[in-house]
Each structure stands twice: as C-alpha cells, then as structure tokens.
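Heads up, the thing below is written out as structure tokens.
All of the numbers you see were taken from the coordinates with simple rules; none came from a lab. Just so you know, these numbers come straight off a predicted model, no measurement behind them. Neighbour counts are summed over all protein chains in view; Cβ atoms, including those assigned to glycine, are modelled from backbone coordinates with ideal geometry.
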Amino acid sequence: MNTKHACLTAVLLTWPHLALSQPSPPPAPAVAPAEVGQVEEGKLIHGVQVSIRVVSPDPAAGSTAVRAGLVEITRIYDKFDLNTRESEAVLINGVAGTDEALVSEETFQLLTRMLDLCRRSDGAYDPTVASYDFLWNFSARPFVRPLPDEIAGRRKMTGCDKVILKPVTRAVRVANSGTRVTFAGVLHGFALERTSDVLRKAGITDFRIRIGNDQFAQGRVGTRHWLTAAPNTRKPDDEPMQVYLTSQAAITVSDSDHFVFKNGKRYHDGIDPRTGMPVEDVVQATVVGTDPTMAGAMAHALFVLGPKAGLAMLVRDKHAEGFLVDTTGKIWSTPAMSEYAHLPPKVAVE
C-alpha cells in the first residue's frame, strides 16, 4: 500500500523529457539531507513504499544506517510474506495437516506473541484468518461473493487452537490441511521493530521509519517530537489527523486496501476471523504503542471488535492507545489518546 500523505524527501526528481526537440532538463542534484542534519532514503519493497529518515551529524554514517535499515525491511518481507518462496509462512502452510515445520527462533517467538494476542482478543486477531483468502478474491472480475456454506466450512479451519507450537524443537504444527497461517497482520509492525533495532545498533537515536501508512519514530527532530499523520483512508486528500510519536509506532488498518462494491455493498479484505465476513461498522483503526509488532496485531483486533469492545481491550492492555473511525465518520478513542494526537470529532468517509 503506497503512502497517501506527502512528506519531505531527500531525493529530488528530474523533470521528464517532453520531446527530443526541447532543451534538455537540468541535471538532477545529488541526494541531499531532507533538512540540515537529516538523511532520508526510500524505495519500493514488495510493492510497499518504504522510507527511513534519521537525524545524524555525519551524513555518511546516517546514509549507511538508512541503507542497512532498508536491507532489514527487505529481509523481513522475504522471510514472512506469503508471496515469497523463502517465506517461513509458506513452509508452515506447505505441511499443514500432514507434518510439522521446523522454524527459526525468530519465527517461533513471533508466532508465540501472535497466538497470545489471538487468545487475549478472543480471536478478533487471528493468524489463521488467511484460511479465508481463497474465498474472497477482490481482484476477480466479476467479483463473486462466497456462499454461506463455503464461509462456514472455512470457519471451521480458523482459530488460535489450530496452530500448535512445540518450544523444545521449535516446531509448528497446523492442525488441518485447509488452515493457512499469515504474518500479514504483524508484518509492518515486526519490520518496524527489527529495523529500529538496526538503527539503534548503528548509533542512531533519532529516526522515523515509514512502511506504507504505518510508522515508528524514536527521539526528536530538532526540539520537537516527530509529527506524523494518521490517514483518513477513505479520503486521503482531506486534512490529516495529527499524531505525535516518541519511541512509538502508529499502525492503521482500514477497509480501503482491497475492496469492491457489489449491489451497492462494500466488500473488503478486513475480514473478521470469527465470522469469515468483512467488518461492516468500522472504516479504520489506528493503534499507537511502544511495541510495533503488537500494535499491528492490536490494530487488527480493534478494527474487528469495534468501538466498545476494541477500546476496552486497549484500556486493559495499558501499553497501547488507539482510535477508530466508524462508518458515519465519528471518531472513537481511548481516554489517553489525546496525549498523542489531535483528532476531530468526525471526518468525511463518503
């Protein structure tokens, strides 16, 4: 998903050639810091726009750290994206119902955290939600809505109990051959977490990492905290909602990534794992937390649970805050969210 809000970048683009007969455009200047003492670089990784900005008195050291961070994000995507051959998710799903998969310590620990939140959210966040993927094909034309019996059959394949972890051998067993595990709900957050570790090890203490609409920021830029925008995903050109981050991630889940209208109804890929149906009453949900991985998983749970149950979950957690936008445009938030954000009471969603 491409970033929907403009930000200052370190790369200046040349004007395109309009015709061979016209004068050549001036040469592009060399890559320069976004501001004095700052370095930024961005690229497209697995179809997602990514950028890293760091504050560093040494531009060369800052650039080296940024590039190391981009390499780390690529590594995470290669390892956990369902669309790559190297993915351990592909390995796990490939032996589902027949054998167990031996995974790396990194993958095993990540799955442990994912399943813990699956249980704590009563299945609102569930890594087996990918079991519904073959039913909901939003790129198909014409779009065909799955039959109730098909959804009911897949529903039997989902749930926290369908994934069994064996700590001694780091083995993962998926109970049914029709059950699929996905890391998609935590992929951005985990990449933000690991990349922030890389930057810290390089001696960078003030930085911001963006992956799509999601980001993690640490420290300060100048004399202020990092100011970012929580997008209005239905109306990306509208006035953004402002969020201040300091050693925190902001992760957003919405109904606007992959969707289609059928007979006047909006169907999207924000699936409730407990029902197999797209969430109907929420447009988007954002979680701000010090743990980027769990912020991503909690954003999915908040999106599914809705205002009352979802915000109650965050209040119980005590390590994350959040807000959501319902289908009327009304904004609901945890009490302490006002410490991090300037949120209007309502936004345009139609």
Listed with the fewest Cβ neighbours within 10 Å leading, Glu41, Glu350, Glu239 appear as Glu350, Glu239, Glu41
Exposed trypsin sites (Lys or Arg not before Pro) being those in a DSSP loop with at most 10 other Cβ atoms within 10 Å, the longest stretch of the chain free of them is 86-317
Summing -39500 (n - 2.57) over every DSSP H run of at least 4 in the chain, dividing by its residue total and rounding to the nearest 500, the 222 nm mean residue ellipticity is -9000 deg cm²/dmol
Residues whose modelled amide H sits under 5 Å from the amide H of Arg180, counting only those 5 or more places away in sequence or on another chain, are Ser131
Long-range amide H partners of Val283, meaning residues 5 or more apart or on another chain whose placed amide H is closer than 5 Å, are Val325, Asp326, Thr327
Per region 135-220, sqrt(5λ) over the Cα gyration tensor eigenvalues, sorted largest first, in Å, gives 36, 22, 8
Share of Cα-Cα pairs in the chain beyond 28 Å, whole percent, is 46
Most exposed first, judged by fewest Cβ atoms within 10 angstrom, Asp99, Asp122 run Asp99, Asp122
Summed over the other residues with a beta carbon less than 12 angstrom from that of Thr290, with K and R at +1 and D and E at -1, the charge totals -3
Convex hull around the C-alpha positions of region 253-312: the volume in Å³ per residue is 85
Once both label points are put 7 Å beyond Cα along the C-beta direction, the Asp58-Asp116 separation in nm becomes 3.6
Contact order relative to length for the chain, counting C-alpha pairs under 8 Å separated by 6 or more residues, stands in percent at 16
The answer for the chain, counting only DSSP H helices whose Cα atoms cover 18 angstrom or more along the axis and whose Kyte-Doolittle average is 0.5 or greater, is 292-305
Quick shape summary for region 88-174, equivalent ellipsoid via Cα gyration tensor, semi-axes whole Å in descending order, reads 27, 15, 12
Rounded to one decimal in nm, the spacing of the 7 Å Cα→Cβ label points at His342 and Val144 is 5.1
Scalar couplings 3J(HN,Hα) for region 84-93 by Karplus 6.51 cos²θ - 1.76 cosθ + 1.60 (θ = phi - 60°), nearest whole Hz, x for Gly and Pro, are 10, 5, 6, 4, 6, 5, 5, 4, 5, 5
